[in-house]
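Step one of this worksheet: look at the structure below.
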Amino acid sequence: MESALCIQNLCKQYKNGTVALNDVSMNVNVGDFFALLGPNGAGKSTLINTIAFLSKQTAGCINVYGFDQERQKNKVKSLIGLVPQEFNFNILENPFEIVVNQARFYGIRKSVAKKRAEALLKELDLWGKRSVMAMSLSGGMKRRLMIARALVHQPTLLLLDEPTAGVDIEIRKSMWNFLREKNLEGMTIILTTHYLEEAETLCNKVAIINKGKILVCDEMQKLLINHQDKKLIIDLQMPLPISPEIEGCRFNFISDLVYEVEILQGYELGALLAQFDRHKINIKAVRNLNNRLETLFLEHVTKGKEYGYATDV
Ligand code: ADP
Ligand code: MG
């Protein structure tokens, strides 16, 4: 499979001594929708910014679609679109100007730039706001404006640093649809997010980074399969006289109407539900204890040491 991004032994030490990236190596294939997860301060933005030339690595190399990021800078710049974590457009300009001016940076003719800006602003539902000062846009609109701006030179690798932070769920979902469509059209996308549900919904690959080190990097499906739900929460219609005993699971009392159910290995929820019925356990609702990715994330980030990962930097 063709590589869209290949990072080898990347290190970044800021001038104040902070080591933000500690020997990061990873590969992203063409067409991947890649999630980069990690707690605050993990190094996600540093990694994204280093790929996009906003920060300079201390060591290591980056290849984008086979081009060396340092030696073939202009080519690589033309391939990358960046949506940074912080708003960084001129708030006194309007969305149309912001997108058109960005295109001009890439040497795109004004007539072409205007057409593309119009198409993108329409697609991102910002056309009605094209002439208002950017400072008057809502948070969600500002994020979408940064996406429009990042796409105007038609990059093939899109880097999104927390694009949905603070965006309400409805707008977030329309952004998901937009990004999914771009990905289906062939764009490679790397996304950092704190919404694990977002990563699980959109992405086919995932890496977890903590303290500048990649802890895991794999296909989403593979990681999740190894972390099947083992615990569920059930809401009862009526309190039970005694804690039930059913082969294949363990009931943990939470409150009169709520139990945690641990499903033991080799047993299926479907078969157990039939058993519940027979034991007159009337269930109102069954829900996951946790988002599966959340469980995985917490395990890696909080128990990294026990797994033998180097956590000191
Ligand atoms: P994340 O995006 O995962 O929250 P960052 O890449 O922003 O993490 O930060 C990684 C580490 O580098 C943190 O310890 C942060 O404080 C530090 N850091 C980030 N930017 C700078 C900077 N410009 N100067 C010094 N340290 C920085
Ligand atoms: Mg960040």
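Residue check: is Phe105 aromatic (Phe, Trp, Tyr) and either within 16 Å of ligand 2 (Cβ to nearest atom) or modelled with pLDDT of 95 or more (or both)?
Numbers: aromatic (Phe, Trp, Tyr): yes; either within 16 Å of ligand 2 (Cβ to nearest atom) or modelled with pLDDT of 95 or more (or both): no.
Against the criterion (aromatic (Phe, Trp, Tyr) and either within 16 Å of ligand 2 (Cβ to nearest atom) or modelled with pLDDT of 95 or more (or both)), Phe105 does not qualify.
Give the residues of segment 29-86 that are more than 16 Å from ligand 1 (Cβ to nearest atom) and assigned to a helix (DSSP H, G or I), sorted by residue number.
Lys73, Asn74, Lys75, Val76, Lys77, Ser78, Leu79
Within segment 80-92, take every residue that is buried (at least 20 other Cβ atoms within 10 Å of the Cβ) and of a type in the set (A, V, I, L, M) and give me the one that is farthest from Ile108 (Cα to Cα).
The qualifying residue farthest from Ile108 (Cα to Cα) is Val83.
Just checking, how many residues over segment 1-25 are more than 24 Å from Phe67 (Cα to Cα) and either among the hydrophobic types (A, V, I, L, M, F, W, C) or not assigned by TED's automatic domain parsing to the domain that holds Ile62 (or both)?
Residues flagged as more than 24 Å from Phe67 (Cα to Cα) and either among the hydrophobic types (A, V, I, L, M, F, W, C) or not assigned by TED's automatic domain parsing to the domain that holds Ile62 (or both) within segment 1-25 amount to 2.
Hey, could you check segment 146-172 for residues that are of a type in the set (S, T, N, Q) and open to solvent by 20 Å² or more (accessible area, probe 1.4 Å) and say which is nearest to ligand 2 (Cβ to nearest atom)?
Residue satisfying both the conditions and the ranking: Thr156.
Tell me, which residue of segment 1-28 that is open to solvent by less than 20 Å² (accessible area, probe 1.4 Å) and small (Gly, Ala, Ser) is nearest to ligand 1 (Cβ to nearest atom)?
Among those residues, the one meeting the criterion is Ala20.
The values are calculated or read from the model by the stated rules, or taken from the named source; none is laboratory data. Since the model is a prediction, treat every value here as computed from it, not as a measurement. As a convention, Cβ positions derive from the backbone with ideal geometry for all residues, glycine included, and neighbour counts pool all protein chains shown. Ligands, DNA and RNA are excluded from the accessible area calculation, which covers all protein heavy atoms including side chains. Shrake-Rupley method; radii C 1.70, N 1.55, O 1.52, S 1.80 Å.
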